[in-house]
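Trainee: Got a structure for you, questions after.
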Amino acid sequence: MTDVRPTAGAESGVLHTLFRTDQGGHEQVVLCQDRESGLKAVIALHSTALGPALGGTRFHAYASDEEAVRDALNLSRGMSYKNALAGLDHGGGKAVIIGDPDLIKTEELLLAYGRFVASLGGRYVTACDVGTYVRDMDVVARENRWTTGRSPENGGAGDSSVLTAFGVFQGMRAAARTQWGEPTLRGRRVGVAGVGKVGHHLVEHLVEDGAEVVITDVRAEAVERITARHPQVTAVTDADVLIRTPLDVYAPCALGGALNDETVAALTATVVCGAANNQLAHPGVEKNLADRGILYAPDYVVNAGGVIQVADELHGFDFDRAKAKATKIYDTTLAIFDRAKSDGIPPAAAADRLAEQRMAEARAAR
Ligand SMILES: NC(=O)c1ccc[n+]([C@@H]2O[C@H](COP(=O)([O-])OP(=O)(O)OC[C@H]3O[C@@H](n4cnc5c(N)ncnc54)[C@H](O)[C@@H]3O)[C@@H](O)[C@H]2O)c1
């Protein structure tokens with residue numbers, strides 16, 4: 001009889017992750033190839049418990065095909081949790097296209113990708129992610145009905161950063177209420193690291209609410225755009241200086257991994273709430289934050305305004321309807337802080353529990 005036990009190599013392979021570990025449990029993973037256009041892609045559907053899997057298409061030059069599959073698995077799993085807590089009737093999915101977009105992205109390749117999305121018959125709804133843009137989704141959408149993140153001329157919602165910033169602001173109000181008793185940033189000192197598409201809209205909300213705002217960005221023009229409009233906003237040289245500046249709230253709005261052992265130890269703020277994805281550099285940082293009395297608003301909860309916006313596109317985009325949904329990020333964030341307190345766990349763990357609960361309830365109701 002053939003020995004079917006996994007070899008040592010297989011123990012660490014993606015199939016092992018997929019079928020045998022807690023990190024897996026994906027419903028479906030599709031490998032796509034179109035030789036004529038050079039398309040190689042992976043579409044991972046983590047869960048459709050709440051509805052069709054929704055998540056963007058990342059276009060990236062991965063070091064290996066295995067790394068691409070692993071990224072699709074991780075990202076799609078993250079989308080299940082994000083969509084569940086955003087209150088969407090969508091499960092989690094994500095696609096990755098393998099290769100350098102600057103070198104291989106063509107209309108033929110995007111159309112071929114669109115046909116693979118079509119082949120899933122609505123089980124997967126796609127959108128933009130790193131390396132793909134609104135103009136690309138307009139092309140992908142020519143081959144299927146399940147592409148969002150399109151331009152307004154093509155029935156899409158356009159730039160998602162407006163509602164992302166609005167949602168982060170709602171999460172920050174919830175954190176202010178939990179930490180200081182009032183759902184406002186009035187009179188609080190808020191440091192925003194990264195004032196790009198999302199960060200600059202967030203600054204507008206904060207200024208309007210009466211917060212004292214300190215910003216930083218590696219691009220001088222991004223800083224100047226804000227200080228020219230709001231002379232009372234001050235700027236510091238970099239994020240390292242910002243976290244050491246006396247602050248009430250720290251808002252990471254640039255790249256992931258902003259919260260590590262070193263930055264958490266140096267933080268003066270007692271609330272962290274920002275738009276950046278994957279803010280916790282490694283597992284355990286959420287506990288370090290809690291041990292220091294810093295209230296952390298989980299990134300994937302407060303930055304869900306963008307996915308709420310693209311989900312709305314499927315029903316014919318209505319900004320006010322999407323904004324009303326993004327307003328609920330306030331209640332969701334409060335519920336997470338309450339659950340964290342009652343269960344004696346950090347908010348990041350409480351968010352995961354609430355998302356898992358919603359997915360389990362949906363599965364049980366089937
Ligand atoms: N745009 C959305 O709708 C959306 C939705 C969910 C999450 N996010 C996340 O929010 C974050 C910001 O997204 P965005 O769309 O505003 O991107 P963006 O590229 O427009 O803005 C990021 C800004 O951060 C600056 N920056 C980069 N490195 C920095 C550093 N070390 N210190 C200070 N500033 C730095 C950049 O110069 C840029 O101005 C990203 O992590 C993104 O994944 C965005």
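Trainee: Could you pull out the residue among Val213, Val218 that is near the ligand (Cβ under 10 Å from one of its atoms), in the same structural domain as Leu185 (by TED's automatic domain parsing) and of a type in the set (A, V, I, L, M, F, W, C)? Working first, answer last.
Mentor: Numbers: Val213 fails: near the ligand (Cβ under 10 Å from one of its atoms).
Testing whether each residue is near the ligand (Cβ under 10 Å from one of its atoms), in the same structural domain as Leu185 (by TED's automatic domain parsing) and of a type in the set (A, V, I, L, M, F, W, C) leaves just Val218.
Trainee: Here's something else I'd like to know. So which pairs qualify, if the first residue must be in the range 223-239 and under 16 Å from His205 (Cβ atoms), the second must be away from the ligand (no atom under 14 Å from the Cβ) and of a type in the set (A, V, I, L, M, F, W, C), the Cβ gap must be under 8 Å, and the two must be at least 6 apart or on different chains?
Mentor: Partner pairs satisfying both residue conditions: Ile226/Val233; His230/Val207; His230/Val213; Gln232/Val207; Gln232/Val213; Val233/Val207; Val233/Val213.
Trainee: Could I ask something else about it? Does Leu88 qualify as being in contact (Cβ under 8 Å) with a residue 40 or more places away in the chain, surrounded by fewer than 24 Cβ atoms within 10 Å (Cβ to Cβ) and aliphatic (A, V, I, L, M)?
Mentor: Working: in contact (Cβ under 8 Å) with a residue 40 or more places away in the chain: yes; surrounded by fewer than 24 Cβ atoms within 10 Å (Cβ to Cβ): yes; aliphatic (A, V, I, L, M): yes.
Yes, satisfied.
Trainee: Now, a different point. If a residue has to be surrounded by fewer than 24 Cβ atoms within 10 Å (Cβ to Cβ), away from the ligand (no atom under 11 Å from the Cβ) and closer than 16 Å to Pro252 by Cα to count, how many in the range 180-198 make the cut?
Mentor: Of the range 180-198, the ones surrounded by fewer than 24 Cβ atoms within 10 Å (Cβ to Cβ) are 180-184, 186-189, 196-197.
From the residues that got through so far, the ones that are away from the ligand (no atom under 11 Å from the Cβ) too are 180-184, 186-189.
Among the residues that remain, those that are also closer than 16 Å to Pro252 by Cα are: 189.
Final tally of qualifying residues: 1.
Trainee: Next up: Could you pull out the residue among Ser76, Ser119 that is buried (at least 21 other Cβ atoms within 10 Å of the Cβ) and modelled with pLDDT of 95 or more? Working first, answer last.
Mentor: On the way: Ser119 fails: buried (at least 21 other Cβ atoms within 10 Å of the Cβ).
Going through Ser76, Ser119 in turn, the sole match is Ser76.
Trainee: Continuing with the same structure: Among the numbered criteria (1) closer than 30 Å to Thr106 by Cα; (2) out of contact with any Cys (no Cβ under 9 Å at 6 or more places or on another chain), which single criterion is violated by Met137?
Mentor: (2)
Trainee: To continue, here is another question. Can you go through Ala275, Ala251 and tell me which one is touching a residue at least 12 places away in the same chain (Cβ under 8 Å), in a strand (DSSP E or B) and either farther than 26 Å from Phe337 by Cβ or within 11 Å of the ligand (Cβ to nearest atom) (or both)?
Mentor: Working: Ala275 fails: in a strand (DSSP E or B).
Sole residue among the options that is touching a residue at least 12 places away in the same chain (Cβ under 8 Å), in a strand (DSSP E or B) and either farther than 26 Å from Phe337 by Cβ or within 11 Å of the ligand (Cβ to nearest atom) (or both): Ala251.
Trainee: Find the residue count for the range 122-135, including only residues that are within 16 Å of the ligand (Cβ to nearest atom), in contact (Cβ under 8 Å) with a residue 60 or more places away in the chain and either surrounded by fewer than 22 Cβ atoms within 10 Å (Cβ to Cβ) or not hydrophobic (A, V, I, L, M, F, W, C) (or both).
Mentor: Final tally of qualifying residues: 5.
Trainee: Oh, and also: Which one is modelled with the lowest pLDDT, of the residues in the range 155-179 that are within 14 Å of the ligand (Cβ to nearest atom), of a type in the set (Gly, Ala, Ser) and outside any helix (DSSP H, G or I)?
Mentor: The selected residue is Gly158.
Trainee: Related question: Within the range 138-151, work out how many residues are in contact (Cβ under 8 Å) with a residue 60 or more places away in the chain and part of a helix (DSSP H, G or I). Can you show your working first?
Mentor: Quick first cut of the range 138-151, residues in contact (Cβ under 8 Å) with a residue 60 or more places away in the chain only: 140, 146, 148-150.
Filter again for part of a helix (DSSP H, G or I), leaving 140.
So the count comes out to 1.
Trainee: I would also like to ask the following. Give the residues of the range 72-102 that are more than 29 Å from Phe337 (Cα to Cα) and either touching an Asp or Glu at 6+ places or on another chain (Cβ under 9 Å) or in a helix (DSSP H, G or I) (or both), sorted by residue number.
Mentor: Residues of the range 72-102 more than 29 Å from Phe337 (Cα to Cα): 72, 95-102.
Within the range 72-102, Ala72, Ala95, Val96, Ile98, Pro101, Asp102 meet the criteria.
Trainee: Being in a loop (DSSP other than H, G, I, E, B) and over 26 Å from Ala322 (Cα atoms) is the requirement here; does Val218 meet it? Can you show your working first?
Mentor: Values: in a loop (DSSP other than H, G, I, E, B): yes; over 26 Å from Ala322 (Cα atoms): yes.
Yes: the conditions hold for Val218.
Trainee: Which of the residues that make up the range 285-339 are closer than 20 Å to Trp146 by Cβ, touching a helix residue (DSSP H, G or I) at 6+ places or on another chain (Cβ under 7 Å) and either acidic (Asp, Glu) or without any contact (Cβ under 8 Å) to a residue 60 or more places away in the chain (or both)?
Mentor: Of everything in the range 285-339, those that are closer than 20 Å to Trp146 by Cβ, touching a helix residue (DSSP H, G or I) at 6+ places or on another chain (Cβ under 7 Å) and either acidic (Asp, Glu) or without any contact (Cβ under 8 Å) to a residue 60 or more places away in the chain (or both) turn out to be Asp312, Asp318, Arg321.
Trainee: Do we find that Glu286 is away from the ligand (no atom under 13 Å from the Cβ), part of a helix (DSSP H, G or I) and either surrounded by 24 or more Cβ atoms within 10 Å (Cβ to Cβ) or under 21 Å from the mean Cα position of the chain (by Cα) (or both) in this structure? Break it down into steps so the answer makes sense when it comes.
Mentor: Details: away from the ligand (no atom under 13 Å from the Cβ): yes; part of a helix (DSSP H, G or I): yes; either surrounded by 24 or more Cβ atoms within 10 Å (Cβ to Cβ) or under 21 Å from the mean Cα position of the chain (by Cα) (or both): yes.
In short, yes.
Trainee: Conditions: (1) within 30 Å of Asp159 (Cβ to Cβ); (2) of a type in the set (A, V, I, L, M); (3) crowded, with 22+ Cβ neighbours inside 10 Å. Met359 meets all but one. Number of the miss?
Mentor: Unmet for Met359, out of (1) within 30 Å of Asp159 (Cβ to Cβ); (2) of a type in the set (A, V, I, L, M); (3) crowded, with 22+ Cβ neighbours inside 10 Å: (3).
Trainee: Under 6 Å between Cβ atoms, which residue pairs at least 6 apart in sequence (or on different chains) link something in the range 346-357 that is over 16 Å from Gly91 (Cβ atoms) with a partner that is surrounded by 22 or more Cβ atoms within 10 Å (Cβ to Cβ) and charged (D, E, K, R)?
Mentor: Cβ pairs passing all conditions: Pro346/Glu286; Ala348/Glu286.
Trainee: For the condition more than 18 Å from the chain's Cα centre (by Cα) and surrounded by fewer than 19 Cβ atoms within 10 Å (Cβ to Cβ), what is the one hit in Leu110, Leu103?
Mentor: On the way: Leu110 fails: surrounded by fewer than 19 Cβ atoms within 10 Å (Cβ to Cβ).
Checking each option against the conditions leaves just Leu103.
The values are calculated or read from the model by the stated rules, or taken from the named source; none is laboratory data. Just so it is clear, the structure is predicted and the values come from calculations on it, not from any experiment. Reconstructed Cβ throughout: ideal geometry from the backbone, glycine too, with neighbour counts over all protein chains shown.
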